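Below is one structure, written out as structure tokens; the observations come after it.
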Amino acid sequence: MTLVGSEPHFPYTRPPLSKAYLRGEVAIAELYLRPADFYRDHDITVHRGVAVEWVDLHGRRAGCDDGSVLDWDRIVFATGGRPRRVADPGLESAGNVHYVRTIEDVERLRRTTIAGSRFAVVGGGYVGLEVAAVLRRLDARVTVIEAADRLLARVTSPVVSEFFLRVHTQEGVDVRLSAQVELFQVEDGNVSTVVLGDGSRIPVDQVLIGIGMVPNDEVAARAGLDVDNGIVVDEFCRTGTAGVYAIGDVARHPDPLNGGLRRLESMPNAAAQARLVAEDILGRGRPYNDLPWFWSDQYDVKLQAAGSSAGYDTVAVRGDAMSGRRFSVFYLRDGVVRAVDAICSPADFAAGKALIASSAVVPLSDLQDPSVPLRRRRSFTSEAS
Ligand SMILES: Cc1cc2nc3c(=O)[nH]c(=O)nc-3n(C[C@H](O)[C@H](O)[C@H](O)COP(=O)(O)OP(=O)(O)OC[C@H]3O[C@@H](n4cnc5c(N)ncnc54)[C@H](O)[C@@H]3O)c2cc1C
């Protein structure tokens with residue numbers, strides 16, 4: 001087995017990059033998924049700092065940017081993604097503009113003076129908000145600029161968006177919603193001011209861009225695989241070519257919950273699909289239908305989310321979303337629990353996952369009442385299940 005990765009590292013975990021690693025609380029060695037010995041002991045050759053440039057699906061070969069050519073019987077595209085960049089040539093050369101995807105990105109950010117500095121965080125998604133939270137903890141002055149009319153608009157409901165707006169505001173972040181960046185004003189090679197569409201001017205020392213991810217699917221596209229906002233695969237993570245797979249952030253796979261195709265950007269998804277493909281290669285394949293789940297840490301708030309809230313018709317809020325920092329939101333469609341967002345409520349998260357998995361029908365009043373335990377509701381299943 002040969003692992004080819006364009007980063008100079010052994011495989012590592014990214015979630016701490018915008019959390020404990022940025023805070024300086026974990027060492028780089030703790031990010032690595034396995035110690036170097038593991039690969040040697042398991043006969044896995046690792047080419048670090050090497051990018052695959054082309055893949056020949058018929059000749060079953062792959063060419064790398066160090067000139068090497070690899071023969072393969074099976075190949076797995078686990079190429080992930082890269083930060084979506086702002087289309088502004090002036091910004092590319094500015095010295096104080098940051099993205100957060102790699103260890104090097106975070107080390108560069110940490111080398112700046114954080115305490116007392118003015119940071120503009122462009123993008124109110126998970127990565128932007130997690131970085132904003134760490135920067136506040138490190139005493140930076142932070143403005144979050146979000147184009148939509150609420151935070152996390154792409155991934156959660158208005159009640160959870162409102163909650164995170166309240167938390168960040170309480171923690172001293174200046175959150176600007178429905179805010180379009182008109183201009184990044186560059187002086188002496190650095191962005192000095194962010195000018196918004198309404199004419200307001202935000203003086204800055206550093207800029208962090210967190211406006212999403214672009215899948216690294218170009219090599220697959222050039223090889224002739226079906227690519228459409230990611231590499232299109234079936235429920236076994238197989239592409240249309242035998243022995244060729246795609247997994248993780250780059251894979252666009254069938255959505256068993258809502259139909260159609262979806263691309264998930266989460267660690268649990270990447271890890272589960274990796275296992276699934278290994279099993280398939282060993283002849284023990286099964287369709288991918290794991291429940292999607294995700295987490296986010298901001299200040300003292302842990303969000304755990306599971307399921308798919310797309311198309312929900314009813315929201316049940318369990319606990320106090322208006323003033324506290326502990327509650328859950330259940331999303332229902334036709335009376336069936338489809339998704340949960342649990343804020344500092346691990347028990348509700350666990351119960352929610354069980355309810356979703358069993359397509360449970362639970363009276364709304366029970367979901368809304370924190371004194372009613374949810375665990376025992378598992379056996380209430382809908383006709384649809
Ligand atoms: C800051 C941050 C915080 C996150 N927090 C969370 C979280 O709290 N919870 C959660 O569930 N998820 C989180 N995620 C998402 C999670 O990290 C990703 O879903 C996960 O890393 C996806 O793994 P992957 O292997 O598919 O892709 P990646 O982790 O992107 O790995 C792909 C690798 O392939 C390499 N590569 C690309 N093209 C080539 C090529 N042609 N040749 C060789 N190598 C190539 C890339 O350099 C990269 O090293 C976070 C992500 C980021 C960036």
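Numbers below:
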item	result
Qualifying positions in the stretch 92-102 - crowded, with 17+ Cβ neighbours inside 10 Å, more than 8 Å from the ligand (Cβ to nearest atom) and under 28 Å from Arg222 (Cβ atoms)	Tyr99
Which numbered condition Arg326 misses (of (1) over 19 Å from the mean Cα position of the chain (by Cα); (2) closer than 17 Å to Ala360 by Cα; (3) surrounded by fewer than 21 Cβ atoms within 10 Å (Cβ to Cβ))	(2)
Counted residues, the stretch 281-312 - those being open to solvent by less than 40 Å² (accessible area, probe 1.4 Å), over 19 Å from Asn258 (Cα atoms) and free of Cβ contacts under 8 Å to residues at least 60 places away in the same chain	2
Within the stretch 223-252, tally of residues that are outside any strand (DSSP E or B), farther than 17 Å from Gly81 by Cβ and charged (D, E, K, R)	3
Check on Ala78, under 30 Å from Gly240 (Cβ atoms), open to solvent by 60 Å² or more (accessible area, probe 1.4 Å) and of a type outside the set (Asp, Glu)	yes
Verdict on Asp56 being more than 16 Å from the ligand (Cβ to nearest atom) and either open to solvent by 30 Å² or more (accessible area, probe 1.4 Å) or touching a Ser or Thr at 6+ places or on another chain (Cβ under 7 Å) (or both)	no
The stretch 11-32: number of residues that are out of contact with any Ser or Thr (no Cβ under 6 Å at 6 or more places or on another chain) and within 14 Å of the ligand (Cβ to nearest atom)	15
Candidates Ala278, Ala316 - the one that is away from the ligand (no atom under 13 Å from the Cβ), surrounded by fewer than 22 Cβ atoms within 10 Å (Cβ to Cβ), hydrophobic (A, V, I, L, M, F, W, C) and not in a helix (DSSP H, G or I)	Ala316
Filter result for Val361 (within 30 Å of Leu165 (Cβ to Cβ) and of a type in the set (A, V, I, L, M))	no
Wholly enclosed strands (runs of 3 or more DSSP E) of the stretch 40-151 bearing at least 2 residues modelled with pLDDT of 95 or more, more than 30 Å from Leu303 (Cβ to Cβ) and among the aliphatic types (A, V, I, L, M)	52-56, 69-71, 75-77
Odd one out for Ala147, checked against (1) open to solvent by 60 Å² or more (accessible area, probe 1.4 Å); (2) away from the ligand (no atom under 14 Å from the Cβ)	(1)
Residue check, Asp37 open to solvent by 70 Å² or more (accessible area, probe 1.4 Å) and either acidic (Asp, Glu) or touching a Leu at 6+ places or on another chain (Cβ under 8 Å) (or both)	yes
Failed criterion for Asp217 (all others in (1) surrounded by fewer than 21 Cβ atoms within 10 Å (Cβ to Cβ); (2) touching a residue at least 40 places away in the same chain (Cβ under 8 Å); (3) charged (D, E, K, R) hold)	(1)
Residue in the stretch 122-133 that is over 14 Å from Val173 (Cβ atoms) and open to solvent by less than 50 Å² (accessible area, probe 1.4 Å) present	yes
Any pair with Cβ under 7 angstrom, 6 or more apart, that starts in the stretch 36-64 at a residue that is assigned by TED's automatic domain parsing to the domain that holds Pro8 and ends at one that is part of a helix (DSSP H, G or I) and open to solvent by 80 Å² or more (accessible area, probe 1.4 Å)	Trp54/Arg222
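The values are calculated or read from the model by the stated rules, or taken from the named source; none is laboratory data. This structure is a prediction, so every number in the text was calculated from the model and none was measured. Glycine also receives a Cβ, built like all others from the backbone with ideal geometry; neighbour counts cover every protein chain displayed. Ligands, DNA and RNA are stripped out before the accessible areas are found, and what is left, the full protein with its side chains, is counted by its heavy atoms. Shrake-Rupley method; radii C 1.70, N 1.55, O 1.52, S 1.80 Å.
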